[in-house]
Amino acid sequence: MERLANTDLGPIVRSAVNDAVITDVHTHLYSPQFGDLLLWGIDDLLTYHYLIAETFRYVSIPYESFWAMSKQQQADLIWKTLFVENSPFSEACRGVLTVLSKLGLDVGARDLSEYRAYFRSKSVDEYVDIAFNLAGIDCAVMTNDPFDDAERPVWLSCYKEDPRFRAVLRIDPLLNSTQQSCEKLRNFGYSADPALSAQGLSEIRRFLEDWADRMKPLYLAASLPPDFAYPEESPRARVVRECILPVCRDRGLPFAMMIGVKKLVNPALRLAGDSVGKSRIETVEHLCANFPDNKFLVTMLARENQHELAVAARKYRNLMVFGCWWFLNNPSLVEEITRMRCELLGPSFIPQHSDARVLDQVIYKWAHSRTIIASVLTDKYNDLARTGWIATEEEIRRDVDNLFRSNFWRFVG
């Protein structure tokens, strides 16, 4: 028994996690052919909305004055405020430094002009490969909104598949602003109506089918508020029941629900002004129970929802829990949530996604997440070893591959 007590599988686990090829199952990235929609480089990294919100903890300038600045001026202010005048140990700030370090730049020099020069020396296609290689990902799953006037023309005219990026059909507008979406659909040539008549619902389904044919998405997705409820007779619930679930079922596509965001609690902060609220697990349970032929990818934003979501996943095999989303993507919470999910679900979930809006973020988010997940898994395998069950390296690598890649691909089919 002494031999087992002294067994430490940490080096094997860390090696397996560090070697793993990851599919990043949810991002806000775009392939290079979408032009300026793909954000990358130090100025985009510094003006990420997490850092904007953090900067306003210190500066007293009017919001309007900040938004009137050029992107470089905003980045200069954020760098000065968060990195020079204060120690950058928030997770968002540390992430910027991790990116610079992984790129081989001198973080200790604190030289923003040097960092800008590095990115000016790279083409976007070249940098995509650099970022993906450093992050260890095989592809990034995008978020693609056919209602977006900047994105839609690319799909209609010149989109060519890039194996580094896979599409997802994002349908937030249909669920969260149904009336305005129906007006847009009429402009697109679909006879949708805000009253959601039988004909109007049929046209929404036709729209979803057409865009599924065009995008070839891995799943349909929506970000939803804390008060999202089902069943009910709201326009949102009717579109879910009559349009989204039938299309997803017929095509074998999961419906991804990201639940818990309170939009624009501070509108002056724009994208940085969203917040979090506790959601109803009963909605997820009802959908999984009453639509067993549908598959549901679910992440929830509030820490308070994490335990009940993991318990729900034990009850419904058509539910796949994924990631530590947005405000949960902090090391202490990622560790807590991952440990709890391992204890309830074994290796049958997807522990993380980057949610990256800036290409560079895949570098730091996966570097940080790998370290945390490896630590949790080391504890779990060492717990097993103390019983006499010593996992082989092959078994460990199998489990890690499932967590980081294969669970997702099997679930989406």
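Please verify whether GLU233 is at pLDDT below 95 and more than 23 Å from the chain's Cα centre (by Cα), treating the condition exactly as stated.
Numbers: at pLDDT below 95: yes; more than 23 Å from the chain's Cα centre (by Cα): yes.
For GLU233, the condition - at pLDDT below 95 and more than 23 Å from the chain's Cα centre (by Cα) - is met.
For GLU232, all conditions in the list (1) acidic (Asp, Glu); (2) assigned to a helix (DSSP H, G or I); (3) more than 27 Å from PRO163 (Cα to Cα) hold save one; what is the number of the exception?
If we test GLU232 against (1) acidic (Asp, Glu); (2) assigned to a helix (DSSP H, G or I); (3) more than 27 Å from PRO163 (Cα to Cα), just (2) comes out false.
Among the residues of segment 343-365, which ones are in contact (Cβ under 8 Å) with a residue 12 or more places away in the chain, touching an Asp or Glu at 6+ places or on another chain (Cβ under 9 Å) and more than 16 Å from TRP326 (Cβ to Cβ)?
The answer is PRO347, LEU359, ASP360.
Residues that are more than 21 Å from TYR115 (Cβ to Cβ), at pLDDT 95 or above and not aliphatic (A, V, I, L, M): does segment 74-88 have at least one?
Residues of segment 74-88 more than 21 Å from TYR115 (Cβ to Cβ): none.
Checked segment 74-88: no residue is more than 21 Å from TYR115 (Cβ to Cβ), at pLDDT 95 or above and not aliphatic (A, V, I, L, M).
Going by the conditions given, is TYR316 without any contact (Cβ under 8 Å) to a residue 40 or more places away in the chain and among the aromatic types (Phe, Trp, Tyr)? Walk me through it before giving the result.
Details: without any contact (Cβ under 8 Å) to a residue 40 or more places away in the chain: yes; among the aromatic types (Phe, Trp, Tyr): yes.
Taking the combined requirement at face value, the residue satisfies it.
Tally time: how many residues in segment 62-90 are touching a residue at least 12 places away in the same chain (Cβ under 8 Å) and either crowded, with 19+ Cβ neighbours inside 10 Å or among the hydrophobic types (A, V, I, L, M, F, W, C) (or both)?
Residues that pass the stated criteria total 10.
This table checks each residue for (1) out of contact with any helix residue (DSSP H, G or I) (no Cβ under 7 Å at 6 or more places or on another chain); (2) within 22 Å of GLU282 (Cβ to Cβ); (3) of a type in the set (Ser, Thr, Tyr).
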residue: SER181; (1), (2), (3): no, no, yes
residue: ARG186; (1), (2), (3): yes, no, no
residue: SER202; (1), (2), (3): yes, no, yes
residue: PHE207; (1), (2), (3): no, no, no
residue: ALA212; (1), (2), (3): no, no, no
residue: PRO217; (1), (2), (3): yes, no, no
residue: ARG238; (1), (2), (3): yes, yes, no
residue: VAL247; (1), (2), (3): no, no, no
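Condition check: closer than 26 Å to MET320 by Cα and of a type outside the set (Ser, Thr, Tyr). Does ALA221 satisfy that? Working first, answer last.
Values: closer than 26 Å to MET320 by Cα: yes; of a type outside the set (Ser, Thr, Tyr): yes.
When the stated conditions are applied, ALA221 passes them.
Scan segment 289-313 for residues that are among the basic types (Lys, Arg) and out of contact with any Cys (no Cβ under 8 Å at 6 or more places or on another chain) and jot them down.
Quick first cut of segment 289-313, residues among the basic types (Lys, Arg) only: 295, 303.
ARG303 - this is the single residue of segment 289-313 that is among the basic types (Lys, Arg) and out of contact with any Cys (no Cβ under 8 Å at 6 or more places or on another chain).
If I filter segment 118-128 for residues that are over 26 Å from LYS263 (Cα atoms), touching a strand residue (DSSP E or B) at 6+ places or on another chain (Cβ under 9 Å) and in a helix (DSSP H, G or I), do I get at least one hit? Step through it out loud before you land on a result.
Step one: of segment 118-128, the residues over 26 Å from LYS263 (Cα atoms) are 118-128.
Those left that are additionally touching a strand residue (DSSP E or B) at 6+ places or on another chain (Cβ under 9 Å): 128.
Of the ones still in play, those that are also in a helix (DSSP H, G or I) are 128.
Yes.
With surrounded by 19 or more Cβ atoms within 10 Å (Cβ to Cβ), outside any loop (DSSP other than H, G, I, E, B), touching a strand residue (DSSP E or B) at 6+ places or on another chain (Cβ under 6 Å) and in contact (Cβ under 8 Å) with a residue 60 or more places away in the chain as the only criterion, which of LEU45, LEU29 stands out?
Numbers: LEU29 fails: outside any loop (DSSP other than H, G, I, E, B).
Testing whether each residue is surrounded by 19 or more Cβ atoms within 10 Å (Cβ to Cβ), outside any loop (DSSP other than H, G, I, E, B), touching a strand residue (DSSP E or B) at 6+ places or on another chain (Cβ under 6 Å) and in contact (Cβ under 8 Å) with a residue 60 or more places away in the chain leaves just LEU45.
Just the residues that are buried (at least 22 other Cβ atoms within 10 Å of the Cβ) and part of a loop (DSSP other than H, G, I, E, B), please, taken from segment 286-316.
Once the filter is applied, which keeps residues that are buried (at least 22 other Cβ atoms within 10 Å of the Cβ) and part of a loop (DSSP other than H, G, I, E, B), segment 286-316 yields LYS295, LEU301.
Would you mind finding the one in ILE259, ILE244 that is more than 21 Å from ILE337 (Cα to Cα) and in contact with a strand residue (DSSP E or B) (Cβ under 9 Å, 6 or more places away or on another chain)? Give the derivation first.
Values: ILE259 fails: more than 21 Å from ILE337 (Cα to Cα).
Going through ILE259, ILE244 in turn, the sole match is ILE244.
What tally of residues in segment 369-398 results from selecting those that are closer than 28 Å to ARG94 by Cβ and either outside any helix (DSSP H, G or I) or at pLDDT below 95 (or both)?
So the count comes out to 0.
The values are calculated or read from the model by the stated rules, or taken from the named source; none is laboratory data. Just so it is clear, the model here is predicted, and its values are computed rather than measured. Ideal geometry is used to build each Cβ from the backbone, glycine not excepted, and the neighbour counts take in all protein chains shown.
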